[in-house]
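Each remark here refers to the structure printed beneath this line.
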2 protein chains.
Amino acid sequence: MARTESIVNELRNDIVAGVFPAGDRLIELQLCERYASGRAVARAALVQLESEGLVVRQPNRGATVRRISVSEAIEITEARSALERLIAARAARNATEIDRDELRGIVADMRISVANGDAARYSTLNRTLHGRLCEIGHHEIATDLVHNLRNRAVSHQYRLAMMPGRPNESLEQHAAIVDAVVAGDEAAAADAMEAHLGSVLSVLSRWGDAH
Amino acid sequence: MARTESIVNELRNDIVAGVFPAGDRLIELQLCERYASGRAVARAALVQLESEGLVVRQPNRGATVRRISVSEAIEITEARSALERLIAARAARNATEIDRDELRGIVADMRISVANGDAARYSTLNRTLHGRLCEIGHHEIATDLVHNLRNRAVSHQYRLAMMPGRPNESLEQHAAIVDAVVAGDEAAAADAMEAHLGSVLSVLSRWGDAH
DNA sequence: CGGTCGCTCATTGTTGACAATATTGTTGAC
DNA sequence: GTCAACAATATTGTCAACAATGAGCGACCG
């Protein structure tokens, strides 16, 4: 009955989507009810999500959604930057003509979204672009790590997108990445990706200083 | 009674140390006996180690120690390279005078070990050096990821140390890393670290081609 | 009035039994 | 002799009950 494997995915999605905000207690019985499973299964999910860094469990005190401080978010983004450099370089190396067309198309759509002020669509395209780069890069280890890091810092990404002027800045950086990937220039792709995440970092650290 | 938290560490150590070779079945009841714990605890440990990439679990078919192919080991080392670049750069930024002395001392000991052909001691110093760099770098996220990646590829690292001429080559690379860190040159430290792991990669890929 | 002791309750930690599933070994027919 | 169906075993998956722990709260005592 209990889809043992899938409830960890459901719970992860719910945490990332903000259904359970940071700091929320995750009580096993409630999870059992919500996901229609036994307590053992819920426990296993919590153990796994703890080792993914999304949940913190204190002995005999239960589990909570992990709070990510700004300084942690910065570290996470720095690590992401290192790994996405690698992915971008690989994408530049491996991209086929079909891939190149698709990437150009995504950037074109992004341009439209920014022009229209459609933040939600831009955010979706953002995810799509990074996701496609991961697929094109064919680097499973780095891809998995990056996905995990993205999940961990998602609460901060959210705030980021709301900053005024940010979409324009971000758009040009994404365009630069795609240009380099399409040109097959590995070093340029890595540097463009690093520049993009570096700009994310500077926003994060400014915001951190202000609090 | 059951040290719920510690058995995952014990099992991880045993896997990394080769007590359970790659491909070995990890039967829950045997783990219970070995670590004097209940089955639920053993299960939890397996779930966690699966998400760390050390164990693979197939539904209704049990858990085995994950086999890491050479191509996977290459990917793991590539990801490690990206992250250790970051760590080395941070170490160069943060190292105090005391840290610098210690790093120089480790390299001096390494030189002695190589001269004496003491592979075991060299291997220990190798771990010590990378570990100290992680501590000096003060980058928890990257450090955790690197530790995990090291654990995953440990079976291949082992074979690597046995290659003739390898210790000498490796020694000079480590010396270069430490020189850059001691000099406080972030970019040079990152590049030296990348060069070091690049040499590991070339050995791995040569070995992979030969099989 | 303040602090500490002990009680109660919610929640987690652990155990054991049972059901479900895969693997292995065995039998029997062709 | 070979193959398929079937039985036996081994192992995992699930569940429910019980023990243990920590937090909150009120009463008791200084």
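The values are calculated or read from the model by the stated rules, or taken from the named source; none is laboratory data. Everything numeric in this text was worked out from a predicted model, so none of it was measured. Counting neighbours? That spans all protein chains shown, and the Cβs are built from the backbone with ideal geometry, glycine included. Note: areas computed on protein heavy atoms with side chains; ligands, DNA, RNA excluded. Shrake-Rupley method; radii C 1.70, N 1.55, O 1.52, S 1.80 Å.
Per residue, the protein assembly as shown exposes an accessible area of 48 Å² to a 1.4 Å probe, with every protein chain left in place.
Using only the alpha carbons of segment A:82-150, what is the convex hull's orientation-averaged projected area in square nanometres? Please report the intermediate quantities before stating the final value.
On the way: hull surface 18.4 nm².
Value for segment A:82-150: 4.6 nm².
If you take all other residues with their beta carbon under 13 Å from the beta carbon of B:Ser155, and give Lys and Arg +1 and Asp and Glu -1, the sum is +3.
The same position A:Gly23 in the other copies lies at 5.2 nm from this copy, comparing label points 7 Å beyond Cα toward the beta-carbon, shortest first. Taking Lys and Arg as +1 and Asp and Glu as -1, the other residues whose beta-carbon sits under 9 Å from that of A:Arg132 total -3. Between copies, A:Gly117 shows label-point distances of 7.7 nm, shortest first, with the point placed 7 angstrom from Cα along Cα to C-beta.
GNM on chain B, alpha-carbon springs under 10 angstrom: the most fluctuating residue among B:Asn168, B:Asn116, B:Asn126 is B:Asn116.
Cα gyration tensor of segment B:4-65, axes a ≥ b ≥ c as square roots of the eigenvalues: rounded (a/c below 1.5), prolate (a/b > b/c) or oblate?
It comes out rounded by the Cα gyration axes.
Within segment A:54-83, the residues that become at least 20 Å² less accessible when every protein chain is included than when their own chain is isolated (1.4 Å probe; DNA, RNA and ligands ignored) are A:Glu75, A:Glu78, A:Ala79, A:Ala82, A:Leu83. For chain B, the spherically averaged projection of the C-alpha convex hull amounts to 12.8 nm². Comment: the Cα-to-Cβ extended label point of A:Asp185, at 7 Å, lies 2.6 nm from its counterparts in the other copies, nearest first.
A protection proxy built from the mean count of other Cβ atoms within 10 Å ranks the segments B:42-50, A:202-210, most packed first, as B:42-50, A:202-210.
Mean separation of Cα pairs under 8 Å and 6 or more residues apart, divided by the residue count, gives segment B:4-65 a relative contact order of 41 percent.
What relative contact order, as a whole-number percentage, does chain A give when Cα pairs under 8 Å and 6 or more residues apart are counted? Don't skip to the end; give the middle numbers.
Details: 249 pairs, mean separation 56.0, N = 211.
Reported relative contact order: 27 percent.
Set against the 2.2 N^0.38 Å expectation for a compact globular protein, the protein assembly as shown has a Cα radius of gyration ratio of 1.04. Spatially, segment B:62-134 and segment B:137-183 are offset by 3 Å when compared through their Cα centroids. Annotation for the B:A interface, with buried accessible surface near 1900 Å², both sides summed [1.4 Å probe; non-protein components not counted].
Springs between alpha-carbon atoms under 10 Å, Gaussian network over chain A: tell me which of A:Ala120, A:Ala91, A:Ala188 tops the mean-square fluctuations. So, out of A:Ala120, A:Ala91, A:Ala188, the one fluctuating most is A:Ala120.
So, with a 1.4 angstrom probe, what is the percent of accessible area on the protein assembly as shown that is carbon and sulfur?
52 percent
With R₀ set to 45 Å, the beta-carbon distance separating B:Leu29 from B:Ala115 gives a calculated FRET efficiency near 0.35.
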